[in-house]
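No lab work stands behind these numbers, since they all come straight from the coordinates. This structure is a prediction, so every number in the text was calculated from the model and none was measured. With ideal geometry, Cβ positions are generated from the backbone for all residues, glycine too; neighbour counts draw on all protein chains shown.
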Amino acid sequence: MRDHIFTTALLLSFVVSAEASESLSMAVSPARSFAPTNLTIRIHMERDARNRVFEVVAESGGFYRSSRIQLEGTEAPAAISFEFRGVPGGEYDVRAALLDGSGHERAVVRRHVVVIDPADSE
């Protein structure tokens, strides 16, 4: 069991976006699964007085879900987790962004996630 937990943690560490900036990183789990699935999105951000809004979006051709939270600059948490439940089959662009007080993007990361619809594999 302990080896399983270690392996899972190790795999999640490799799911971080290649576009991650130093101030923002994201892990999405699972990166591949069968529909419907629950996507767990873990965000790590550098605390900064300019951070005012955090937004995460999961989008495919036929599905869109987003969440937006207000941040209190240096008082904001360094890590945030989201769960999007019941995500249907499709190829998803999962995007996370840090915004300043004027709504300008300070940092953006993306991940590609595949949710396989069992009906499509028949």
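Counting neighbouring beta carbons within 10 Å and listing from fewest to most, the residues SER29, SER102 come out as SER102, SER29. Return, ordered by residue number, the residues of the stretch 76-110 whose backbone nitrogen is under 15 Å from a label point located 7 Å along Cα→Cβ of ASP120. Counting only backbone N, you get 87-94. Between GLU91 and GLU46, the C-beta separation translates, for a Förster distance of 22 Å, into a calculated FRET efficiency of about 0.15. Note that the stretch 55-122 carries a Kirkwood radius of 13.7 Å, evaluated over its alpha carbons pair by pair.
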